[in-house]
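Undergrad: Provided herewith is a single structure, encoded as structure tokens, for subsequent inquiry.
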Amino acid sequence: MVHSTTKWVVRHSTTIRGVITDGGTFDWATSGKFPRFTEPAEGYYSLVFSEVYGKFAYGMKLHHELMQDPQPCINSFGLFLLLQGLETLSLHAQHHSVNAMVLVRYLKQHPQIA
């Protein structure tokens, strides 16, 4: 799953970042649709990610491949901006929940909505 931290953590577009999460529940070897995970990787001594890492092949492939590129390394000011957003994330989430309940109550009473 890919999330934009720019939208839900920072909220003011001063830094552009994202987060990739993997639950490790997908069986890459039996799907037959992803040869980059089930065939030898040339850049990694013919490592077959699905054999070595099993259901965690996606996260480990990202880790191996992204570590060759400096892009996943966040600068210190960008990290500062993300941390500022994280400090108030719970407050913003609470306000979103309250607003959602107001909308639900309104829509429940609306005559044109079943």
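Undergrad: In terms of Cα to Cα distance under 16 Å, which aspartates and glutamates are near enough to Lys61, apart from those fewer than 8 places away along the same chain?
TA: Here the aspartates and glutamates satisfying the reach criterion relative to Lys61 are Asp22, Asp27, Glu39, Glu42, Glu51, Asp69.
Undergrad: Between Lys108 and Thr14, what is 0.36 nm times their sequence separation minus the Cα-Cα distance? Round to one decimal in nm. Working shown, then result.
TA: Numbers: separation 94, 0.36 × 94 = 33.84 nm, distance 3.78 nm.
Between Lys108 and Thr14, full extension yields an extra 30.1 nm.
Undergrad: Another one. Counting only helical runs of four or more DSSP H residues, what would the 222 nm mean residue ellipticity of the chain come to if each run contributes -39,500 (n - 2.57) and the total is spread over all its residues? Don't skip to the end; give the middle numbers.
TA: On the way: 6 runs with 56 residues, N = 114.
-14000 deg cm²/dmol, from helical runs alone.
Undergrad: For the chain, give the magnitude of the charge dipole about the Cα centre (Cβ charges: +1 Lys/Arg, -1 Asp/Glu; no others), in debye to the nearest 20. Could you put the intermediate results ahead of the total?
TA: Working: 9 positive and 8 negative charges, 137 e Å.
Here the chain has a charge dipole of around 660 debye.
Undergrad: Can you give me the % of accessible surface on the chain that is carbon or sulfur? Probe 1.4 Å, all protein chains present, nothing else counted. Could you put the intermediate results ahead of the total?
TA: Working: 5440 of 8900 Å².
Percent of accessible area from carbon and sulfur atoms in the chain: 61.
Undergrad: Taking Cα pairs under 8 Å and at least six residues apart, what relative contact order does the chain come out at, in percent?
TA: Working: 97 pairs, mean separation 26.1, N = 114.
Computed value for the chain: 23 percent relative contact order.
Undergrad: By how many nm would the segment from Met101 to Glu65 lengthen if fully extended, with 0.36 nm per residue of separation less the alpha-carbon distance? Walk me through the numbers on the way to the answer.
TA: Numbers: separation 36, 0.36 × 36 = 12.96 nm, distance 4.27 nm.
So the extension gain works out to 8.7 nm.
Undergrad: Using the heavy atoms of the protein chains alone and a 1.4 angstrom probe, what is the accessible area of the chain per residue in square angstrom?
TA: Details: 8900 Å² over 114 residues.
That works out to 78 Å² per residue.
Undergrad: Name the residue farthest towards the positive end of the dipole of the chain from the options Phe80, Thr25, Val98, assuming +1 on Cβ of Lys and Arg, -1 on Cβ of Asp and Glu, about the Cα centre.
TA: Among Phe80, Thr25, Val98, the one farthest towards the positive end of the dipole of the chain is Val98.
Undergrad: May I ask you to order 24-34, 49-59 by the average number of other C-beta atoms within 10 Å around their residues, highest value first? Before the final figure, lay out each step's value.
TA: Details: 24-34: 12.4, 49-59: 17.9.
Taking the mean over residues of other Cβ atoms within 10 Å, the ranking is 49-59, 24-34.
The values are calculated or read from the model by the stated rules, or taken from the named source; none is laboratory data. Everything quoted here is computed from the prediction, not taken from an experiment. In this analysis, Cβ positions are derived from the backbone assuming ideal geometry, glycine residues included, and neighbour counts consider all displayed protein chains. Ligands, DNA and RNA are stripped out before the accessible areas are found, and what is left, the full protein with its side chains, is counted by its heavy atoms. Shrake-Rupley method; radii C 1.70, N 1.55, O 1.52, S 1.80 Å.
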